Structures are given as structure tokens and as C-alpha cells.
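The values are calculated or read from the model by the stated rules, or taken from the named source; none is laboratory data. For clarity, every value in this text was computed on a predicted model and none was experimentally measured. Heads up, the Cβs are rebuilt from the backbone with ideal geometry, glycines too, and the neighbour counts pull from every protein chain shown. With ligands, DNA and RNA removed, areas are computed over all heavy atoms of the protein, side chains included. Shrake-Rupley method; radii C 1.70, N 1.55, O 1.52, S 1.80 Å.
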Amino acid sequence: MTTVAERQGGPATGRAPSPSSSFAGRRRPGEFLIKLGLRLAAAITVITTVGIVIALLVPSLSFFAEVSPFEFLFGTRWAPRFADASFGVLPLVTATLWTTVIALLVAVPFGLGAAILLAEYAKPRVRKVLKPLLEILAGIPTVVYGFFALQFVQGTVLRDWLQLPTGAFSVLAAGLVMGVMIIPTIASIAEDAMSAVPGALRQGSAALGANRMQTTLRVVFPAALSGIVAAVVLGISRAVGETMIVAIAAGSQAQLVSNPLEQGQTMTGFIANAALGDSRVGSLEYNTLFAVGLLLFLITLLINFISIRFVRRFREAY
Amino acid sequence: MSTTTTRPEARELRITKPLATGRNGELRPSALIFLLLLWFSLFVAFAVLVTLLITIFITGQNKLSWNLVTNFPSADPEEAGARPAILGSVWAIGTTAVLTLPLGIAAAVHLEEFADRKRWFNRFVELNVQNLAAVPSIVYGLLALAFLSMLGVTNKNIVIGGALALTLLILPVIIIATREALRAVPSEIRDGSLALGATQWQTTWRQVLPASVPGIATGSILALSRALGEAAPLLVLGALVYITFDPNGLLSGYTTLPIQIFNWTGRPQEGFHELAGATSLLLLAVLILMNALAIFIRNKFQKRW
């Protein structure tokens, strides 16, 4: 407990050198309890993680007792509810991959473009207006995005306007709208990274005769690269974990998606859909939910660790 | 010797000319196209935002009436309303706020004011909070589902179950926001208080926390507005139930606005899509109000030291 005073160089709340000091050994049981309570609150976050791991692992283990992990990871047919049930997760993975890639194709260029504009070009007053406006996009509930993707993007734009041969659902519509949803995430972190690049680098570049575009692309962008990579990686993690847009607009037929105009069921889409049916606790169907959830959790955990590494690097650079 | 012959204006001209080309570099075609592309990317984002708002307004405008707020869901789209969903959202978010705020703020105070960063456990907690913030929301639904079934609760569609999932979902967000608010309080405030003989806790409670209330409030409101719009974890807990009564307690069955929108979106009749649009407008209005409140608090009360 005394470490606090040490860290902040505070005078003497805890250990005093001489026992004669009247403040020295004064016990404060109330404060001790409060600090214990605070520590407990922090520990709850760790308990949550342990809880997630246990909650996902236990049903998954009983799932893998019945289905071999090899069949799960490399099987190409996902039909957990059919009489001849089959548990190959690849159809869910391909659909997730499609929506994620499409979302990134939208979010990375537009997100980085917005970030460069806000960080390098916009005057402070303009930025103060534009940034919160951009963040409204992040505040819109994903279920509303899903509704928009199904009704407008899929129904009106893709089918009526562009006359594309597509059914009621497609991974394309879901991915496009998901990309728009992720733009502010990427823009905000990339902007932070670029704003953290010291002004001296820009002045140096300008002194050598570079214009603002050259300064941005050849000096600021490389200098902020690890932060920008972290932004993109976080975007990937959000796209993989997004549920409502794909549950509404991507369809619920699990198949190996070979073309973005097809419908497909993602990992999150499967969990959302399967949870609608009433599956008994402990049944294979119930355990299947958790096996897919575990895979999803491990993928996003891996992605996130990569992101944190990159963030560390760009914070330490200057 | 030429300096005596050259007139001052000419000299200035000769000096300023090469400098001016540096400025002219901004007007090169490549640089202009680049700037145009940057504005275009921002424009695309706003164009989608405006299109989304307009489409939803056009879809939902017919159903924007008091019926939406006062009526229960019904098989007839003309009669149906979102009353239980509104009350359910209030119950779920209210419970979430009561559970999350003390927990999140306490954890943040520990990490920021008391924890020793040299100890591995505290560093581990920090890393863990960062990780939890990126866990997909649907996984929190699975966690709450497993927890409830472990307790032997058979009916999972209860307010406290949903609030539990939402609490764990936004806890990292509140911790991160609170830590930032605490960090913004300058250390002179702490040192001054400690120098007057206050203990660490007295300093935190009477100086640091009051000074950071606006920041904490802003972060908390934004986190709660995220919970309000969240549907995935509640879907896993089975909140998609046809509710024709007012939710009235922690163990009551419930549904929320996003879940109600999801339900209506999935039906074939056009009337239900209109209802989904109208309910989306309602939800967006509440969220924009919450965001405006957060921005207002930030601008009005946040101190600059």
C-alpha cells in the first residue's frame, strides 16, 4: 500500500523513517478497506476474462468430445441441425472472411483519407466540427445499420439500381455497410497516430521544399505507420466480431461463399441465429454455439494482441 | 557593388520569388487531386450518414405516432407499438448503469491512483482491460448465458441477465474513459493535498475525483449509449420474446428497442418494416440526445488546468 506514496513522491502516508513520528504507524482500517475494495473492482476485470475462457472452454470441450477438432476446423459442410449433422466450420469462416475483406476495402481507404484530412489539412476549428460529425457514424446502433443494409443497400442499390443477380441477402451488402461503420474507428486512431508525429519533422520536410502532399505521404505517414497499422488491425477485429449487420443482411444459409453476391452465414451470424432457437443446456446444439464462440474469441484475441504491439511501438517512437 | 545599383524593390523580388515556389507546390495537379481524394473520403462517410437517416425517415415516417410509444406489439402492424421495448430498454440500461458505474470507476481509481505499475499483476490488469474492450459483444452474451445456466436459471430472458452481459461489455470502456479523466488532473493538486496532511484516499476522494467528474460523466454517458444500442448479447440470451406486458423488475421478462427493431426487420410484411424504421428513429433520437448531453458536459464543465 505504501507504494502509492512512493510513486507520487508524496510525503508520508505510510512508512515513516522514525517511529517517534506521530503520523507514522497510525492505522486507518477504513482506508485499508476502501483500497481493498478498489483492488477488488480491478480484479473483476481479470475475473471476467477468466470467466469468458471457462464459459467458452467447458461447453467447447464437450463439443470436441463428440466432434473431432479436425472435422470442425477443416470440414466444408456446416449443418449442425440436420439429421445427418455436419460440423465443418469453413463455410462460416469463408463468409466472415468475405464480409471482413469487403468492409476493409471500404473502411481503410476512406478512413485513412478522412484521418489525413483531419490531422494534416483541417484547421483546428474545422476539425472540431468534422470529427464529432464523423463519430456519429460510430454511434449508430448496428441493428439500424443492418436494417439499412437489407432495405436500402441490398434491396434498392444492388438489386433495383445496379440490377445485380442477387437474392434477398448478400455478404456484399453486409460488408459494404459494415465498412462504413468501421470508418470512424480507423479514422480516429490513425488521426491520433499522425497528430503524434512531431511538427519538427513536417517543418524539416517543408524546408527541403516538399509540399503538403509529399510531407504527408513520405514523412508523416511512414512515421505514424505503426499507429496506422494498429488502426487497421482494430478495424479487422471489429469486422470479425460484428453481429447484427451480418445477422440481418448477410443471410442465414451456411455455405462456402465463392462470390460476394451470394448469401452466407458468418460465425457471429450463426451464434445469433442459433441462439434464437431454444437449445437445451448441455445439448450438442448448445455446445456448438460455444465452440464457434471460442474460435471467434481466439481469432479476435490474436488480432488484438497484434494491435496492442503496434500501438506500443508508435507510442514509444518519440 | 551591384547592391548600390539595384533598387530595393527588385532585391525583394529576387529574394521572395524562390520562396514563393514552395507555396506553389501546393497547387500542383497531383497535390490537388490528392486533396480532392481526401475530401471525397470524408464526403462518402457523410453521404452514407445522410442517406441512412433519410431512408430510415422515409420508411418510418408513417408509423411515427403516439401508438408507437403507447401500444404493445401486435400481429397487426397498424396496431403494434414498442411500449414494452421502451420500458425494457429503460430497465436494462438503468440496471446496467447501477452495476457498471461504481465498479468501473473503482477499478479505474485503483489502476490510476493506487496501483504500482512495477507489479506484474497491475500491468496484467491493464493489458486485460485493453483486450476486453475488443472482445466481440456477442461473446459477452455467451458468457452471461453460461453464467446463468451455471446458476441454474432456466428462464434466461430476464432483466438482470441482460444487464449483466451489458455491464461486462461496457466496463472496459468506462474504465478507460475514467482513467483518462483522472490522468488529466495535474499532480500539483495531489501534491498540494498530500502536503497539507491529507491521506492518499482523502486526496483522491476530495480533490481528484471531484475534479474529474465531467470527464467521467462524459465517458459514462457515451458507454451507456453504446449499451442502449447493443443487440447481439441480448439476442444470445433470448431477449427476442413477444412481450405484451410492462417489464416490472429485475427478474421480469423484457425486450429492448434494438431487439424489437431486429424482430420487425425480419418479418415479410411492409408494415413491420415501417415500424422498424420508426423505432430506429426513436432510438437514434435518444442516442443523439445522450451524445449531445455528453458533449455539453465536456465543453461546459471540463476544466483546463
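In the protein assembly as shown, a dipole from Cβ-located charges (positive for Lys and Arg, negative for Asp and Glu) runs towards its positive end, and of A:Phe270, A:Ala107, B:Ala278 it is A:Ala107 whose Cα lies farthest in that direction. Helical content of chain B, expressed as a calculated mean residue ellipticity at 222 nm, amounts to -23500 deg cm²/dmol (DSSP H runs of 4 or more residues, -39,500 (n - 2.57) each, divided by residue number, nearest 500).
Say R0 is 35 Å: what FRET efficiency, to the nearest 0.05, do B:Phe121 and A:Ile306 get from their beta-carbon distance?
Values: r = 24 Å, r/R0 = 0.68.
Calculated value: 0.90.
Cα centroid separation, the stretch A:209-254 to the stretch B:179-237: 30 Å.
Take the Cα of B:Lys303, step 7 Å toward its Cβ, do the same at A:Glu31, and the gap between the two points is 2.1 nm. Ellipsoid fit via the Cα gyration tensor, chain A: semi-axes of 42, 34, 17 Å, each the root of five times an eigenvalue, largest first. Alpha-carbon geometry of the stretch A:91-188: the Rg and the Dmax are 15.2, 48 Å, given in that order.
Counts of other chain beta carbons within 10 angstrom of each beta carbon in peptide B:258-264 average 4.
The length gained on full extension between B:Ile58 and B:Phe72, counted as 0.36 nm times the residue separation minus their Cα-Cα distance, comes to 2.7 nm. Structure note, pairs B:Lys63/B:Lys156; A:Lys35/B:Lys118; A:Lys128/B:Lys300: Cα-Cα distances above 22 angstrom occur for B:Lys63/B:Lys156. Projecting the Cα positions of A:Phe290, A:Ala119, A:Val50 onto the charge dipole of chain A (unit charges on Cβ atoms of Lys, Arg, Asp and Glu, taken about the Cα centre) puts A:Ala119 furthest along the positive direction.
Each of A:Ser170, B:Ser74 has its accessible area taken with a 1.4 Å probe; listed largest first, they run B:Ser74, A:Ser170.
Given contacts defined as C-alpha pairs under 8 Å and at least six residues apart, what's the relative contact order of the stretch A:171-318, whole-number percent?
31 percent
Rounded to the nearest whole angstrom, the semi-axes of the ellipsoid equivalent to the stretch B:154-305, taken from the Cα gyration tensor as √(5λ), stand at 41, 18, 10, largest first. In chain A, helices alone account for a calculated mean residue ellipticity at 222 nm of -21000 deg cm²/dmol, with every DSSP H run of four or more residues adding -39,500 (n - 2.57). Legend: residues A:Arg81, B:Arg28, sorted from most to least accessible area (1.4 Å probe; ligands, DNA and RNA excluded), read A:Arg81, B:Arg28. Annotation: aspartates and glutamates with alpha-carbon distance below 18 angstrom to A:Lys131 (same-chain offsets under eight excluded): A:Glu120, A:Glu191, A:Asp192.
In percent, rounded to a whole number, the relative contact order of chain A is 23, using alpha-carbon pairs under 8 Å and six or more apart. Note on the stretch B:138-287: with charges restricted to the Cβ of Lys and Arg (+1) and Asp and Glu (-1), its dipole about the Cα centre is near 300 debye.
Rounded to whole Å and sorted largest first, what semi-axes of the equivalent ellipsoid does the C-alpha gyration tensor of the stretch A:136-287 yield via the square root of 5 times each eigenvalue?
They are 40, 20, 12 Å, listed largest first.
Solvent exposure of B:Ile105, expressed as accessible area, is near 40 Å², computed with a probe of 1.4 Å over the protein chains only. This model, with +1 at the C-beta of Lys and Arg and -1 at the C-beta of Asp and Glu, gives chain A a dipole about its Cα centre of some 1640 debye. Note on A:47-57: average number of Cβ atoms from other chains within 10 Å of each residue's Cβ is 5. Altogether, the Stokes-Einstein calculation at 4 °C and 1.567 mPa s, with the Kirkwood radius of the protein assembly as shown over Cα pairs as Rh, returns a diffusion coefficient of 49 µm²/s. State the Cα centre-to-centre distance between the stretch A:86-164 and the stretch A:288-308 in whole Å. Centre-to-centre (Cα) distance: 22 Å.
The mean number of partner chain beta-carbon atoms within 10 angstrom of a residue's beta-carbon across peptide A:144-156 is 6. In terms of overall dimensions, the C-alpha atoms belonging to the stretch A:194-276 reach 62, 24, 16 Å along their principal axes, ordered largest to smallest.
A dipole drawn for the protein assembly as shown from +1 and -1 charges on Cβ atoms has a positive end, and of A:Ala239, A:Ala149, B:Ala134 the residue lying farthest that way is B:Ala134.
Structural descriptor for chain B: relative contact order 26 percent, calculated from alpha carbon pairs under 8 angstrom and at least 6 residues apart.
Taking the Cα atoms only, what angle lies between the long axis of helix B:137-151 and the longest principal axis of chain B, rounded to 10 degrees? Here the helix axis deviates by roughly 30 degrees.
Counting only Cβ charges, +1 for Lys and Arg and -1 for Asp and Glu, the dipole size of the protein assembly as shown around its Cα centre is about 2760 debye. Averaged over residues, the count of other Cβ atoms within 10 Å places the peptides A:131-139, B:221-229, A:228-236 in the sequence A:228-236, B:221-229, A:131-139, highest first. Atom-type composition of the exposed protein surface of the stretch A:234-318 places 54 percent of the accessible area on carbon and sulfur (1.4 angstrom probe).
Taking a virtual spin label 7 Å from the Cα of B:Ile288 along the C-beta vector, which residues in the stretch B:27-50 bring their backbone nitrogen under 16 Å of it? Output list for this probe position: B:46-50. A Förster distance of 51 Å, applied to the separation of the beta-carbon atoms of A:Arg280 and B:Ala184, puts the FRET efficiency at 0.50. Computed from the C-beta positions of A:Phe82 and B:Trp205, the FRET efficiency with R₀ = 60 Å rounds to 0.50. The order of the peptides B:210-217, B:112-119 by mean Cβ neighbours within 10 Å, most packed first, is B:210-217, B:112-119.
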